[in-house]
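The values are calculated or read from the model by the stated rules, or taken from the named source; none is laboratory data. Bear in mind that the values here come from a model prediction, so they are computed numbers and not experimental data. All Cβ positions, even for glycine, are placed from backbone atoms using ideal geometry, and neighbour counts span all protein chains on display. For the accessible areas, the whole protein counts, side chains as well, though only heavy atoms, and no ligand, DNA or RNA atoms are used. Shrake-Rupley method; radii C 1.70, N 1.55, O 1.52, S 1.80 Å.
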Amino acid sequence: MEATTKPDKILIVDDRPENLYSLETMLGDEGKIEILTASSGQEALKIAFQEDLSLIMLDVQMPEMDGFEVAHMLKSTKRTRKVPIVFVTAISKEKKYLLQGLGEGAIDYLFKPLDVEVTKAKVNTLLTFYHQQQELEQKNLELASLNEQKNYFLGMASHDLRNPLGNIITLAQFIESDEDKLSDEQKTFLATIISSGQFMLNLLNDLLDVSRIESGNATIELNEINIVELIQQSIADNKYHAQKKNISIQYSAHENIPSLHGDAAQLRLVLNNLISNAIKYSVQGTLVEINVSCNETEVEIAVADQGQGIPEDELDEVFRPFQRTSVQSTAGEKSTGLGLTIAKKVVEAHNGTISVTSKVGKGTVFSFTLPLHQKTA
């Protein structure tokens, strides 16, 4: 048995009975449309708040409450704000009236005397638009639900896998430490186990961070922090990796950089991602520069390398999860493809912005801003 399709409910609002009758007769469509009528603004609001409407056709010139006022009330109420409104009017087509109507939330105008074919065509188009909007909202709800489930299972799996994987790495390192009892082949196998295990552990940690951020479970604790000290700590975190590639890290800052409110642990994660990336994609003997500047509203941190640079047509991909550019690390370092995604989410959670500029053969600059003044939690 086929499901019965409910007719679209159209509310026609006009203080003149002959206009109501004319439109009702014009739009009657063999059960596909149900016409509701109201002769005043107050009556229209009462019906609109009780019925599930697909379209409202609203006269502008009415006593007591005109069409503009009715539209304003409809668009200010959650139940009716998404119902499309078309004004049906005989008033002047002057620009100021059109702008006023559009400003109150109408999406179209019909001018009296009405043309039957034009009126029907517009009504059909608006009904189609309304149903497409409803379908899109339903799809978005379904996608949000699926994304929530994905984050839950991703977070759960990452959390449950970290401990056994950490044990594998620790045991492999313990065996490796007794190198006198190992053959060269066994040492190679153990180094591979440790390297691969560490990469997998980094990936799990990144997946857990992403799932927490996307699910809303990652809390940003805003406390007063010294951003200069935080940068210096991040430089120290990456000093060993830089020295292995004979890469110098140069730091400069404007005088009197003020403290700001942020989550120190999360921002240190951003800085470590950007600095380690700069080292990872730089060749031996080059320079990584970190510059801090500020104005009255924000601090900007820029991390610049002298590496290979990123092709212009790939720049839009760098902050997307698991998206890798054609540029390869210079010493075989591995990447999870999530570091820059996490950095972007953390910066935006701090009400900041992050961007990248690059030139092939010259290097890349990642910059992010943080507001100086924002409310603490």
statement: Of those in region 253-267 that are out of contact with any Ser or Thr (no Cβ under 9 Å at 6 or more places or on another chain) and of a type outside the set (A, V, I, L, M, F, W, C), the residue nearest to His350 (Cα to Cα) is Gly262
query: Does region 296-309 contain at least one residue that is under 24 Å from Leu230 (Cβ atoms), open to solvent by 60 Å² or more (accessible area, probe 1.4 Å), assigned to a loop (DSSP other than H, G, I, E, B) and not polar (S, T, N, Q)?
result: yes
message: Quick test for you: out of Thr357, Thr341, Thr364, pick the one residue that is over 18 Å from the mean Cα position of the chain (by Cα), buried (at least 17 other Cβ atoms within 10 Å of the Cβ) and of a type in the set (Ser, Thr, Tyr).
response: Thr364
message: Looking at region 65-76 only, could you name the residues that are surrounded by 13 or more Cβ atoms within 10 Å (Cβ to Cβ) and part of a loop (DSSP other than H, G, I, E, B)?
response: Met65, Asp66
message: I'd like the full set of residues that are surrounded by 16 or more Cβ atoms within 10 Å (Cβ to Cβ) and aromatic (Phe, Trp, Tyr), limited to region 234-265.
response: none
Within region 310-324, considering residues that are without any contact (Cβ under 8 Å) to a residue 60 or more places away in the chain and open to solvent by less than 100 Å² (accessible area, probe 1.4 Å), the one nearest to Ala278 (Cα to Cα): Ile310
- request: Would you mention how many residues in region 235-287 are in contact (Cβ under 8 Å) with a residue 60 or more places away in the chain and acidic (Asp, Glu)?
  value: 1
- prompt: Within region 310-336, can you find the residues that are over 24 Å from the mean Cα position of the chain (by Cα) and either aliphatic (A, V, I, L, M) or not in a loop (DSSP other than H, G, I, E, B) (or both)?
  reply: Val327, Ala331
query: Restricting to region 351-373, what's the tally of residues that are among the charged types (D, E, K, R) and closer than 19 Å to Glu317 by Cβ?
result: 1
- request: Scan region 41-64 and give yes if some residue there is under 14 Å from Val88 (Cα atoms), assigned to a loop (DSSP other than H, G, I, E, B) and among the acidic types (Asp, Glu), otherwise no.
  value: no
statement: How many residues of region 215-257 are at pLDDT 90 or above, in contact with a strand residue (DSSP E or B) (Cβ under 8 Å, 6 or more places away or on another chain) and outside any helix (DSSP H, G or I)? The answer is 8
- prompt: Residues in region 180-195: is at least one farther than 17 Å from Glu333 by Cβ and at pLDDT 90 or above?
  reply: no
message: Filter region 268-289 down to the residues that are surrounded by fewer than 22 Cβ atoms within 10 Å (Cβ to Cβ), out of contact with any Ser or Thr (no Cβ under 7 Å at 6 or more places or on another chain) and in a helix (DSSP H, G or I) and list them by number.
response: Leu269, Ser276
task: Could you figure out which of (1) under 39 Å from the mean Cα position of the chain (by Cα); (2) more than 23 Å from Lys120 (Cα to Cα); (3) modelled with pLDDT under 80 isn't true of Thr5?
output: (2)
query: Can you name the residue in region 115-166 that is among the acidic types (Asp, Glu) and open to solvent by 80 Å² or more (accessible area, probe 1.4 Å) and, of all such residues, is farthest from Lys32 (Cα to Cα)?
result: Asp160
- request: Output the qualifying pairs, or none if there are none: Cβ atoms under 8 angstrom, residues six or more apart or on different chains, first residue in region 331-342 and more than 9 Å from Leu203 (Cα to Cα), second residue of a type in the set (Ser, Thr, Tyr) and open to solvent by 20 Å² or more (accessible area, probe 1.4 Å).
  value: Gly339/Ser276
